[in-house]
Every structure is written in structure tokens, then in C-alpha cells.
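The values are calculated or read from the model by the stated rules, or taken from the named source; none is laboratory data. As the structure is a computational prediction, the values presented were derived from the model and not from experiment. Positions of Cβ are generated from backbone atoms using ideal geometry, with glycine treated the same way; all protein chains shown enter the neighbour counts. Please note that ligands, DNA and RNA were not included when accessible areas were found on the heavy atoms of the full protein model with its side chains. Shrake-Rupley method; radii C 1.70, N 1.55, O 1.52, S 1.80 Å.
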Amino acid sequence: MTTFVDRVDLYVAAGNGGHGCASVHREKFKPLGGPDGGNGGRGGDVTLVVDQSVTTLLDYHHSPHRKATNGQPGAGDNRSGKDGQDLVLPVPDGTVVLDRNGNVLADLVGQGTTFVAGQGGRGGLGNAALASARRKAPGFALLGEPGEDRDIVLELKTVADVALVGYPSAGKSSLISVLSAAKPKIADYPFTTLVPNLGVVTAGSTVYTIADVPGLIPGASQGRGLGLEFLRHVERCSVLVHVLDTATLESDRDPVSDLDMIEEELKQYGGLEDRPRIVVLNKIDIPDGHDLADMIRPDLEARGYRVFEASAVARTGLKELSFALAGIVAEARAAKPVEVATRIVIRPKAVDDAGFTVTLEEDGIYRVRGEKPERWVRQTDFNNDEAVGYLADRLNRLGVEAELMKAGARAGDGVAIGAEDNAVVFDWEPTMAAGAEMLGRRGEDHRLEAPRPAAQRRRDREAERDEVQREFDDFNPF
């Protein structure tokens with residue numbers, strides 16, 4: 001059964017915002033006490049957090065769909081809905097987040113590093129929050145925004161200072177088992193190591209991590225064997241260690257050709273040309289291996305490699321190798337620039353920034369794109385005429401109608417607000433800004449215009465008195 005997964009496709013969905021409430025306060029002797037609808041709650045976010053106790057993406061391999069909770073709708077008596085609970089997903093140190101097109105969204109390195117993979121939708125305003133001097137009794141509320149949902153790819157790149165690379169059965173697992181406390185699987189057949197193994201090595205005052213990368217074969221950079229799956233685990237290392245088998249039983253192989261093949265695969269993979277290299281001639285405890293190491297060592301040193309002879313079984317040459325790696329790691333750490341905390345600069349948008357664009361598309365549709373108009377459309381209940389009029393009023397104040405006129409739009413032209421997949425399309429009328437006025441004068445609610453019997457009877461009596469007074473005035477000659 002698979003216990004190590006370093007690449008998964010994950011679908012994340014943030015919580016939807018709760019709808020606002022349209023309510024009117026009612027109590028005895030006060031049938032219409034004013035709007036008191038509460039706001040909807042915010043939807044929960046989906047956040048990735050680096051947790052060093054997590055070493056694999058196996059949980060997301062088994063459960064690739066993750067969703068945060070939705071915000072609760074508002075209620076009457078000015079009660080706001082409860083916010084949705086954020087969903088926190090722990091990931092291993094060194095996880096890279098990509099979108100479906102392979103673009104890097106975040107590189108999560110370091111304990112506690114976070115990335116919001118899905119933003120929760122904001123809650124809709126209730127009619128109490130929408131009330132104003134001109135609209136004292138709104139008969140509608142705004143809808144909650146849907147949460148962000150998308151497919152992402154998580155790739156784990158091991159965070160290690162030293163990477164051991166080489167052919168299968170070259171002795172990499174044996175080396176890491178004697179250099180550190182790691183306990184990898186060791187056997188006398190190829191591809192024993194199916195997952196990267198990490199170990200911690202202490203050499204003097206330097207402590208560094210070492211990774212055993214599964215064996216590489218020709219064509220690994222193009223997907224043969226296990227190389228393509230695990231070459232990414234050497235990208236973050238400070239030094240590459242070529243582990244060469246000097247006692248191989250295969251007649252068509254020798255340590256020098258193995259080194260050339262591994263270097264060619266690393267070159268094809270790319271991005272590792274600047275890493276220092278060390279060559280370890282392993283298995284010198286075998287007589288033939290010791291003799292072969294003596295033969296090829298001058299050739300490797302002539303190429304500029306630092307060469308060490310070692311045996312994991314006899315535990316010879318390990319101390320020199322460990323301190324040499326510690327020196328290279330210390331130099332690499334000292335050469336790294338000091339990380340300075342990012343200075344947060346707040347650049348507020350200009351007050352008169354409309355924040356939208358109007359473009360004429362090939363099919364004759366005028367498309368409006370912008371954060372505000374698109375959000376307003378998502379929050380509008382199109383089954384409520386008053387809400388539609390409120391949307392028209394807001395778009396007019398934002399300047400959408402003026403921009404449509406500048407772009408050449410005429411009455412009856414098609415206008416779309418939003419992206420192509422979820423746009424709202426309508427036939428534009430220049431009088432669209434007066435949509436709210438079709439419901440009555442500003443600040444009035446047509447529901448309050450229902451005939452009231454007592455008031456009607458009072459007006460009838462006043463009209464009757466006026467009529468009698470006029471008749472008396474006409475009859476009286478004085």
C-alpha cells in the first residue's frame with residue numbers, strides 16, 4: 001500500500017457567504033417599525049499551512065476534495081449570520097502549489113508558512129444595512145457571494161542540504177543509514193528505495209539534512225523508471241553526492257559511465273548546474289571494488305571532482321565524507337542572502353477610480369469587467385424588482401452607463417457583466433438608471449402605499465366638507 005505521495009491533484013472550495021435578510025420590525029401598535037434584517041456571515045477560507053510533522057501528501061491522495069463551511073444567513077431583529085469555519089490543510093515543508101496550467105502559485109517553505117488557496121465569499125447585507133435617507137425601507141437584501149473554488153496541484157520538493165544520487169543498488173540507502181539515524185529499506189535488488197529518505201547528520205558544530213533519492217536510470221528525465229517522479233527532490237539541495245558502485249556485477253556498467261549518465265539526466269532535467277558535486281566510490285570493502293576505485297580515482301579528480309572512498313558495511317571513510325559535506329553546507333548557508341522581512345506597503349486605490357472596463361466584442365456584445373460591478377451582480381436577487389432597481393442605481397453612480405455611451409452603445413444593444421462563463425446579459429436601455437424610480441420616489445417603498453381605510457375615510461370627509469362649503473358660498477349672496 002502506498003505510504004508516500006509527493007504529487008496530488010486537489011480540488012478546494014471555500015465557503016459561500018450567507019444571504020442577507022429582508023425583514024421589517026413588528027411589535028404591538030407598530031406594524032411597520034422599520035427594516036431590521038441582519039447581514040449574512042462570511043464563508044470560510046481554505047488555507048494551506050506548513051506543518052513539519054507532516055511528511056507526505058497521502059491524505060489528499062485519498063481525499064482530493066476539500067470544502068470549507070458556508071456562512072449562515074442573516075435573520076430578523078438585526079441578527080447577523082455566523083461566519084463559516086476556515087479549513088486549514090497541513091502540508092509538508094517544501095510543498096509547491098500550482099494551478100491546472102502549471103503556473104506556480106506559492107512555494108511553501110518554513111514552519112507556519114501559509115497560503116490561502118480559496119477565499120471565502122462575503123456575506124450579503126441585510127435591508128437594515130441598506131437603509132438610507134433616500135431609501136428608508138428597503139424591501140430586499142443582498143445575496144451572499146459564492147466562495148472561490150478551483151483545482152490546484154501540490155508537489156512536494158524535499159528540503160534537504162545534501163542529495164545522494166546514483167544508479168539503483170549503488171548503496172545510497174546504506175550510506176544514509178550509517179551517516180544518520182534514518183532506517184531506509186535495504187536489499188540486494190534494484191529499486192529497493194521507492195520513496196525519498198531523509199536523515200539528519202551532525203558533523204562538529206554543523207547539523208544538516210541528507211536525502212536519499214530513489215535510483216536513476218537512463219531516460220529518467222523523460223519519465224523512465226522512478227527518476228521523473230523524484231528528481232524534483234534534489235532541486236533544493238546545496239550539494240549533490242554521486243554514489244558510484246565500484247563492485248557492480250553488470251558487465252556493461254562501470255563507475256565512470258554511471259557518473260556520465262547521471263550527469264546527463266541532471267542536465268536534461270535542468271536547474272542543477274550550479275550545485276557543487278562530490279563523488280563517493282562506494283563498496284570498497286570488496287577487493288575488486290577497492291582496486292577499481294584506485295584505478296578511476298585519478299580520472300575523476302582530473303575532471304575536478306572531490307573523490308571520497310567509503311564503505312557503508314565496513315564503515316570506512318564516513319567521517320571524512322561527513323565533515324566535507326558539512327563544510328560545503330556551511331559555505332552555502334553563509335553565501336545565502338540574509339532574509340529580510342517583507343515590508344508591507346499599503347497603496348489605497350484612488351477615490352475616483354471606477355475600477356471597471358467596457359469593451360466591444362466581436363459578436364456585438366458590450367462586456368463590463370470589474371471587481372465592483374461583477375460583485376454587485378453576484379449579490380443581486382433578480383427575482384426582486386426593487387433589488388434590480390438598486391443594482392441599476394449603483395451601476396449608474398459608478399459610471400457604467402456613461403462609459404457605455406462613450407463606447408457607442410445604443411438602446412437595445414446587448415450588455416454582459418462578468419466573465420463569459422457566468423455573465424449576466426441584458427438589452428441595454430439608456431433609462432436603465434431609473435429602474436429604482438419605477439418603484440416610486442427615492443426612499444419610498446411601494447408596499448407602504450397600500451390604501452389605509454381610516455385615512456381614506458378622513459380624506460372623504462374632508463372632501464365632503466369642502467363641497468358643502470362651496471355650495472354654501474355659492475348660495476350666500478353676501
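Numbers at a glance
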| read-out | value |
| --- | --- |
| Check on Val96, touching a Lys or Arg at 6+ places or on another chain (Cβ under 7 Å) and under 26 Å from Val234 (Cβ atoms) | yes |
| Residue count for the stretch 248-260, restricted to those that are without any contact (Cβ under 8 Å) to a residue 60 or more places away in the chain, surrounded by fewer than 19 Cβ atoms within 10 Å (Cβ to Cβ), under 19 Å from Lys172 (Cα atoms) and not acidic (Asp, Glu) | 3 |
| Residue check, Ser169 assigned to a loop (DSSP other than H, G, I, E, B), at pLDDT 70 or above, closer than 25 Å to Phe323 by Cα and in contact with a strand residue (DSSP E or B) (Cβ under 9 Å, 6 or more places away or on another chain) | yes |
| Matching residues in the stretch 49-106 - criterion: being within 16 Å of Leu154 (Cβ to Cβ) and of a type in the set (Lys, Arg) | Arg66, Arg100 |
| Considering residues of the stretch 264-315 that are assigned to a helix (DSSP H, G or I), in contact with a helix residue (DSSP H, G or I) (Cβ under 9 Å, 6 or more places away or on another chain) and of a type in the set (A, V, I, L, M, F, W, C) only, the residue most open to solvent (accessible area, probe 1.4 Å) | Leu292 |
| Close pairs from the stretch 125-143: first more than 24 Å from Asn16 (Cα to Cα), partner among the hydroxyl-bearing types (Ser, Thr, Tyr) and assigned to a helix (DSSP H, G or I), Cβ under 8 Å, at least 6 apart | Arg135/Tyr390 |
| Those residues of the stretch 96-122 which are β-branched (Val, Ile, Thr) and under 16 Å from Asp9 (Cβ atoms), in sequence order | Val96, Val97, Val104 |
| Matching residues, the stretch 5-39, being open to solvent by less than 40 Å² (accessible area, probe 1.4 Å) and free of Cβ contacts under 8 Å to residues at least 24 places away in the same chain | Gly33 |
| Residue satisfying all of: in the stretch 143-155; aliphatic (A, V, I, L, M) and open to solvent by 10 Å² or more (accessible area, probe 1.4 Å); farthest from Val24 (Cα to Cα) among these | Val153 |
| The stretch 223-259, residues that are at pLDDT 80 or above, closer than 20 Å to Ile286 by Cβ and of a type in the set (S, T, N, Q) | Thr246, Ser257 |
